[in-house]
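Presented below is the structure to which this report refers.
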Amino acid sequence: VEQANRLFAGVKEGWKTDPGMVYVLFGPPRFVETRVDGERWTYGAGVAGPVSFTFRRTSGAGPFTVLTLERDRSLVDPIDRARQQWRRGIVP
């Protein structure tokens, strides 16, 4: 959580952002693909198996750029499994 706060803080605490939430649950991504309109984070096999998260870049308050997770039904199970593991104290 502290690392997410350092990496993703802006208008609000880093862990409260979409990238911060993914970072807390899954850890650092294995691959990051940076695009003009956002980023794609890919994780290898783990608690949730291979999974990718796509974030869209939007303008935030003031000078901040906001990465917003593209929500997709296929992400529900991996996020739920990772959340359950995190609550049990099993962290990435």
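Ignoring any ligand, DNA or RNA, what whole percent of the accessible area of the chain comes from carbon and sulfur when the probe is 1.4 angstrom?
Carbon plus sulfur share of accessible area: 53 percent.
At 1.4 Å probe size, what's the solvent-accessible area of E13? Round to the nearest 10 Å².
We get 90 Å² for E13.
Keeping every protein chain present and rolling a 1.4 Å probe, give me the accessible area per residue for the chain in Å².
65
If you line up the long axis of helix 76-87 against the longest principal axis of the chain, both from Cα atoms, how many degrees apart are they, to the nearest 10?
Helix 76-87 and the main axis of the chain meet at about 80 degrees.
For the chain, restrict the atom set to alpha-carbon positions and state the Rg and Dmax in Å.
Computed over the Cα atoms of the chain, radius of gyration and Dmax are 12.9, 38 Å.
Once both labels are modelled 7 Å past Cα along the beta-carbon direction, what's the V76-T42 spacing in nm?
About 2.6 nm, to one decimal.
Using heavy-atom solvent-accessible surface (probe 1.4 Å) with all chains present, what is the largest-first order of S74, S52?
Reading off the accessible areas and sorting them downward yields S74, S52.
In the full protein assembly as shown, how much of E33 is accessible to a 1.4 Å probe, in Å² to the nearest 10?
Rounded to the nearest 10, that gives 90 Å².
The values are calculated or read from the model by the stated rules, or taken from the named source; none is laboratory data. Source: prediction; values computed, not measured. Cβ atoms come from the backbone with ideal geometry, glycine included; neighbour counts cover every protein chain shown. Ligands, DNA and RNA are stripped out before the accessible areas are found, and what is left, the full protein with its side chains, is counted by its heavy atoms. Shrake-Rupley method; radii C 1.70, N 1.55, O 1.52, S 1.80 Å.
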